[in-house]
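The values are calculated or read from the model by the stated rules, or taken from the named source; none is laboratory data. Computed from a predicted structure; not experimentally measured. Backbone-built Cβ (ideal geometry, glycine too); neighbour counts: all protein chains shown. For accessibility, only protein heavy atoms count, side chains too; no ligands or nucleic acids. Shrake-Rupley method; radii C 1.70, N 1.55, O 1.52, S 1.80 Å.
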Amino acid sequence: MKNFIDIVDLKFSYNNEGNNAKNILNGINLNIKKGEFLAILGANGSGKSTLIKHLNAMLLPTKGNVFVNGINTKDEGKLYDIRSTVGLVLQNPDNQIVASIVEDEVAFGPENLGVAPKSIRERVDMALKLVDMYEYRKSTTYSLSGGQKQRIAIAGIIAMQPECILLDEPTSMLDPEGRKEVLDTIKSLNKNYGITIVLITHYMEEAANADRIAIINEGKIVRIDAPRIIFSEVAFLDKYQLSIPTVVELIHKLKLNGLPLNNMALDERECVNILKKYFNSLE
Amino acid sequence: MLNNITLGRFFPGNSFIHKLDPRVKILLMIVLLFTVFLSANYLSLFVNFFAIMLFVSLTKINLKTYLKSMKFILFIVLFTGMLNIFYAKGTAIFKLGVFVITDEGFNNSIFVSMRLIMLILVSSLLTFTTSPTSLTYAIERLIRPLAKFKIKTHELAMMMTIALRFIPTLLEETDKIIDAQKSRGANLETGNILNRIKSFVPVLVPLFVSSFRRAYDLALAMECRCYKGGEGRTCMKILRIGSNDIWAILIVFGLLVFVLIINSLFPAVRL
Ligand SMILES: Nc1ncnc2c1ncn2[C@@H]1O[C@H](COP(=O)(O)OP(=O)(O)OP(=O)(O)O)[C@@H](O)[C@H]1O
Ligand SMILES: [Mg+2]
């Protein structure tokens, strides 16, 4: 099967005049499959945001190539095809909202694409229902909570009918409730509508939901694997200054203290099951 | 503290006035302002005020909200009223030492204050009931003929949309910064005017810095959503003039004619 997004030998530096400028991205090779949920982890300044901006042609490679659906992002004529296929949601919910009314905000993308007014209406209603914000369509955007604003931002991308949504730390400015709302929305878009998700996050609990995790360090991908495998290597996570999900840490410490647990837990339910099994085996 | 500002805000609703075509609303607002300044005697002033209060009640927005929008201007209204009452020539109707209130001064101050108040009410009528997006869309439509003179009408309208959208955000942020500076011991509320202005520098500087950050993010987000200027852009909401709009036009022009008739029937007040 052909890959949806292909990143080939991507090198990038912000300052392209001097040849000796420091590369922020240093030879990245990565394939993203259609319908996949990929999480990107890495320390501050490791180049995550820079990488993700290459996926919708906000930045162009200094060396190497990025292909979306087989189209090179350097192809200027296809710029808007790429950007409507791959949407980007930013960290700060307040800074990416253009309009004062929710439905106008969601309509912004399709309006830019020149979609006919009647089908914009349909798209907006559909997108707002997908993120569960339909009742709020006439409200003002500034009166919403952070989680709601972020879901509106996602709806604004969905209204462009993308195949992939990139999210750059979408939950880092939200309270726990807002974080859950946004993560549930992302998961549902991926599971139920087959939208490819690329999520940058500092929350390991969020990354645990992904199909694969890519770890970036100093502009290079040091590891791509399933969360279950990556989180089982606590020493490896430590090395790249990544925190460990609480449940993983719990099981890990129990093991260190001699409990004969042989499984790995990714979320609370799995953790509870493992402990239940252990207690049952004692009886 | 700044959250109380209602001037220029939009209050979603479903009233007759809310549903009018924004282009019609803008034009009618201009006509209403004309009638306010044309009213030359107390009767026409009163008729005008009565009509405007009727429109205000039609919006189904709490009267308090309108009053709040006037808080800012109240000072100017009082000040000009005071100035006018004392500094005019004419027949004295009241004397107390050096203070002389003249006939004309009295009329003048009433007319000036009432006109100012009505001016604010009329503009609030427009902004309270029209979402910034439809407001700017309407303005874009109305100034479209200017495109012939190479004026970038779409860009102007987009700038207005964004400015209006960010007013509440920036007010909230100013509030936060003020609190933050106060908690560091900054004194923003006492001292003479010069000191107070000076003490606002630590509020304005962070506000500016964060605004640049916001502008950068917003430009990025707009580009991600395929924004490329006005060319080839469509709009979800299609403006159409309906029977409601015709009624509104008739009512407002009726008012204009009525005021003109009163003006010609009764003598104008000497100002
Ligand atoms: N516009 C820019 N111009 C120059 N250098 C930049 C620019 N944006 C980022 N950088 C630099 O590129 C490096 C990587 O930045 P990037 O934002 O990609 O990191 P990140 O992994 O997203 O970090 P964080 O977790 O803090 O968001 C940093 O050293 C940063 O200083
Ligand atoms: Mg980043």
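As a summary of the residue check, A:E206 satisfies the conditions (1) within 19 Å of A:A43 (Cα to Cα); (2) more than 16 Å from ligand 2 (Cβ to nearest atom) except for the one numbered (2). In the set B:K150, B:K182, B:K176, only one residue is open to solvent by 40 Å² or more (accessible area, probe 1.4 Å) and within 14 Å of chain A (Cβ to nearest Cβ); that residue is B:K176.
With the requirement that a residue be over 30 Å from B:E173 (Cα atoms) and without any contact (Cβ under 8 Å) to a residue 12 or more places away in the chain, what does region A:50-101 give you?
Here is the first cut: in region A:50-101, the ones over 30 Å from B:E173 (Cα atoms) are A:51, A:54-57, A:59-86.
A:I71, A:N72, A:D75, A:E76, A:G77, A:K78, A:D81 - these are the residues of region A:50-101 that are over 30 Å from B:E173 (Cα atoms) and without any contact (Cβ under 8 Å) to a residue 12 or more places away in the chain.
Every condition in (1) at the interface with another protein chain (Cβ under 9 Å from one of its Cβ atoms); (2) more than 30 Å from A:H54 (Cα to Cα) holds for B:R196 except the one numbered (1).
Considering every residue within region B:221-242, establish whether at least one is at negative phi, among the aliphatic types (A, V, I, L, M), in contact with a strand residue (DSSP E or B) (Cβ under 9 Å, 6 or more places away or on another chain) and buried (at least 16 other Cβ atoms within 10 Å of the Cβ).
First pass over region B:221-242, keeping only residues at negative phi: B:221-225, B:227-228, B:230-231, B:233-242.
Imposing the further condition that a residue be among the aliphatic types (A, V, I, L, M) reduces the set to B:221-222, B:236, B:238-239, B:241.
Checking which are in contact with a strand residue (DSSP E or B) (Cβ under 9 Å, 6 or more places away or on another chain) leaves us with B:221.
Restricting the remaining residues to those that are buried (at least 16 other Cβ atoms within 10 Å of the Cβ) gives B:221.
Yes: region B:221-242 contains one or more residues that are at negative phi, among the aliphatic types (A, V, I, L, M), in contact with a strand residue (DSSP E or B) (Cβ under 9 Å, 6 or more places away or on another chain) and buried (at least 16 other Cβ atoms within 10 Å of the Cβ).
Scanning region A:98-125 for residues that are more than 7 Å from chain B (Cβ to nearest Cβ), touching a Ser or Thr at 6+ places or on another chain (Cβ under 8 Å) and among the aliphatic types (A, V, I, L, M) gives a single hit, A:V102.
If you take the residues of region A:49-97 that are within 8 Å of chain B (Cβ to nearest Cβ) and part of a helix (DSSP H, G or I), which of them is nearest to ligand 2 (Cβ to nearest atom)?
Pass one, region A:49-97, residues within 8 Å of chain B (Cβ to nearest Cβ): A:56, A:58, A:80, A:83-84, A:87-88, A:90, A:92, A:94-97.
Filter again for part of a helix (DSSP H, G or I), leaving A:80, A:83-84.
Values: A:Y80: 25, A:R83: 19, A:S84: 23 Å.
Ranking the qualifying residues of region A:49-97, first place goes to A:R83.
Check whether at least one residue in region B:67-74 is in a loop (DSSP other than H, G, I, E, B) and open to solvent by 40 Å² or more (accessible area, probe 1.4 Å), and report yes or no. Checking region B:67-74: not a single residue is in a loop (DSSP other than H, G, I, E, B) and open to solvent by 40 Å² or more (accessible area, probe 1.4 Å).
Quick test for you: out of A:N190, A:N209, pick the one residue that is in contact with a helix residue (DSSP H, G or I) (Cβ under 8 Å, 6 or more places away or on another chain) and within 25 Å of A:I32 (Cα to Cα).
Being in contact with a helix residue (DSSP H, G or I) (Cβ under 8 Å, 6 or more places away or on another chain) and within 25 Å of A:I32 (Cα to Cα) holds for just one of A:N190, A:N209, which is A:N209.
The listed residues are A:Q91, A:Q96, and the only one of them that is out of contact with any Gly (no Cβ under 7 Å at 6 or more places or on another chain), within 16 Å of ligand 1 (Cβ to nearest atom), open to solvent by 50 Å² or more (accessible area, probe 1.4 Å) and under 29 Å from B:F212 (Cβ atoms) turns out to be A:Q91.
Residues that are more than 26 Å from A:Y240 (Cα to Cα), touching a Pro at 6+ places or on another chain (Cβ under 6 Å) and buried (at least 24 other Cβ atoms within 10 Å of the Cβ): does region A:161-175 have at least one? No, region A:161-175 contains no residue that is more than 26 Å from A:Y240 (Cα to Cα), touching a Pro at 6+ places or on another chain (Cβ under 6 Å) and buried (at least 24 other Cβ atoms within 10 Å of the Cβ). The number of residues in region A:189-202 that are within 16 Å of ligand 2 (Cβ to nearest atom) and surrounded by fewer than 21 Cβ atoms within 10 Å (Cβ to Cβ) comes to 1.
Each residue in region B:243-255 was checked for being surrounded by fewer than 15 Cβ atoms within 10 Å (Cβ to Cβ) and of a type in the set (A, V, I, L, M, F, W, C), and 5 of them qualify. Looking for something modelled with pLDDT of 80 or more, part of a loop (DSSP other than H, G, I, E, B) and among the hydroxyl-bearing types (S, T, Y) - is there at least one such residue anywhere in region B:49-60? Checked against the condition, which is being modelled with pLDDT of 80 or more, part of a loop (DSSP other than H, G, I, E, B) and among the hydroxyl-bearing types (S, T, Y), region B:49-60 yields at least one hit. Of all residues in region A:128-149, those satisfying the criterion of being in contact with a helix residue (DSSP H, G or I) (Cβ under 8 Å, 6 or more places away or on another chain) and away from every other protein chain (no Cβ under 12 Å) are A:L128, A:L130, A:V131, A:D132, A:M133, A:Y134, A:S145, A:G146, A:G147, A:Q148.
Flag set for B:S69, criterion: under 14 Å from B:L119 (Cα atoms) and at pLDDT 75 or above. Could you tell me which residue of region A:133-159 is farthest from B:H18 (Cα to Cα), considering only residues that are of a type in the set (K, R) and outside any helix (DSSP H, G or I)? Among those residues, the one meeting the criterion is A:R137. Residue count for region A:203-228 satisfying the condition of being closer than 24 Å to A:G146 by Cβ, free of Cβ contacts under 8 Å to residues at least 60 places away in the same chain and open to solvent by 50 Å² or more (accessible area, probe 1.4 Å): 1. Of all residues in region B:112-164, those satisfying the criterion of being more than 12 Å from B:R23 (Cα to Cα), under 13 Å from the mean Cα position of the chain (by Cα) and hydrophobic (A, V, I, L, M, F, W, C) are B:L116, B:I117, B:M118, B:L119, B:I120, B:L121, B:V122, B:L125, B:F128, B:L164.
Within region A:49-57, not a single residue is open to solvent by 10 Å² or more (accessible area, probe 1.4 Å), over 16 Å from A:K220 (Cα atoms) and in contact with a helix residue (DSSP H, G or I) (Cβ under 7 Å, 6 or more places away or on another chain). When B:K228 is tested against the conditions (1) at pLDDT below 85; (2) touching a Phe, Trp or Tyr at 6+ places or on another chain (Cβ under 9 Å), the lone failure is (1). When region A:25-48 is filtered for residues that are open to solvent by 10 Å² or more (accessible area, probe 1.4 Å), within 16 Å of ligand 2 (Cβ to nearest atom) and out of contact with any Leu (no Cβ under 9 Å at 6 or more places or on another chain), the ones remaining, listed by number, are A:N44, A:G45. B:K182 meets each of the listed conditions (1) within 30 Å of A:N95 (Cβ to Cβ); (2) under 24 Å from the mean Cα position of the chain (by Cα) apart from (2).
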